[in-house]
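The values are calculated or read from the model by the stated rules, or taken from the named source; none is laboratory data. Keep in mind that this is a model prediction, so the values were computed, not measured. Neighbour counts run over all protein chains shown; Cβ positions are idealised from the backbone, glycine included.
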Amino acid sequence: MLSKNIKAIRKSKGLSQQELAVKLNVVRQTISKWEQGLSVPDSDMLVSLSEVFETSVSTLLGENVIESEIDDLKAISAKLEVINLQLAQRKTTRKRIVHWLLISLCVVVVAIFSILLEVESPYLAWDYSDPETAVLGVVFHSFEWLLVRVAPIILIGAIVGIILTQKKE
């Protein structure tokens with residue numbers, strides 16, 4: 001039980017046999033013999049071990065100590081690494097989606113401008129004495145008026161966004 005506890009606590013503290021031996025002023029083989037149960041430390045050495053391990057002598061001599069702290073840290077580190085990779089992948093995916101949405105916005109704005117130029121505002125020749133035609137003409141005219149004034153700003157903003165979201169290699 002003592003041998004298993006020494007090994008478990010040493011590993012949980014992240015110490016090698018050599019590092020523990022240096023702290024206790026013994027050779028590494030002594031630590032190895034203790035951990036294999038081939039020999040046991042004397043009472044003075046038990047006190048020194050408890051001080052190095054920051055635990056009580058009764059814990060060293062008592063129940064089995066679970067060797068989990070180092071393994072827990074490794075598991076947590078591995079999980080954090082996976083989470084970081086997933087977050088980086090999400091960020092890249094979002095950036096790619098925004099990039100293509102901005103390109104699509106540019107295409108739509110240019111297409112609408114092209115259509116309006118090609119059609120040459122046919123509603124201007126409509127008879128506005130008819131209420132339905134008048135309302136429809138005003139709607140078209142308002143749409144065109146707004147698009148002509150806002151679209152260049154949208155287009156410039158989208159182009160800047162495309163440049164900023166470009167994949168850097």
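Summary table below
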| item | result |
| --- | --- |
| Subset of the range 1-19 (residues that are over 37 Å from the mean Cα position of the chain (by Cα) and surrounded by 13 or more Cβ atoms within 10 Å (Cβ to Cβ)) | L2, S3, K4, N5, I6 |
| Odd one out for Y128, checked against (1) of a type outside the set (A, V, I, L, M, F, W, C); (2) over 47 Å from the mean Cα position of the chain (by Cα); (3) assigned to a helix (DSSP H, G or I); (4) surrounded by 10 or more Cβ atoms within 10 Å (Cβ to Cβ) | (3) |
| Inter-residue pairs, beta-carbon under 8 Å, first assigned to a helix (DSSP H, G or I) and in the range 40-54, second charged (D, E, K, R), 6+ apart | V52/K23; F53/R10; F53/K13 |
| Pairs, first in contact (Cβ under 8 Å) with a residue 24 or more places away in the chain and charged (D, E, K, R) in the range 11-23, second assigned to a helix (DSSP H, G or I) and surrounded by 17 or more Cβ atoms within 10 Å (Cβ to Cβ), C-beta under 7 Å, six or more apart | K13/F53 |
| Verdict on A134 being in a helix (DSSP H, G or I), in contact with a Phe, Trp or Tyr (Cβ under 8 Å, 6 or more places away or on another chain) and of a type in the set (A, V, I, L, M, F, W, C) | yes |
| Number of the exception - I115 against (1) among the β-branched types (V, I, T); (2) touching a residue at least 60 places away in the same chain (Cβ under 8 Å); (3) more than 30 Å from K167 (Cβ to Cβ) | (2) |
| Residue within the range 122-144 that is within 30 Å of K91 (Cβ to Cβ) and either among the polar types (S, T, N, Q) or modelled with pLDDT of 90 or more (or both) present | no |
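For every residue, the table says whether it meets (1) surrounded by 11 or more Cβ atoms within 10 Å (Cβ to Cβ); (2) within 8 Å of the chain's Cα centre (by Cα); (3) modelled with pLDDT under 90.
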| site | (1), (2), (3) |
| --- | --- |
| N64 | no, no, yes |
| E69 | yes, no, yes |
| K79 | no, no, yes |
| W100 | yes, no, no |
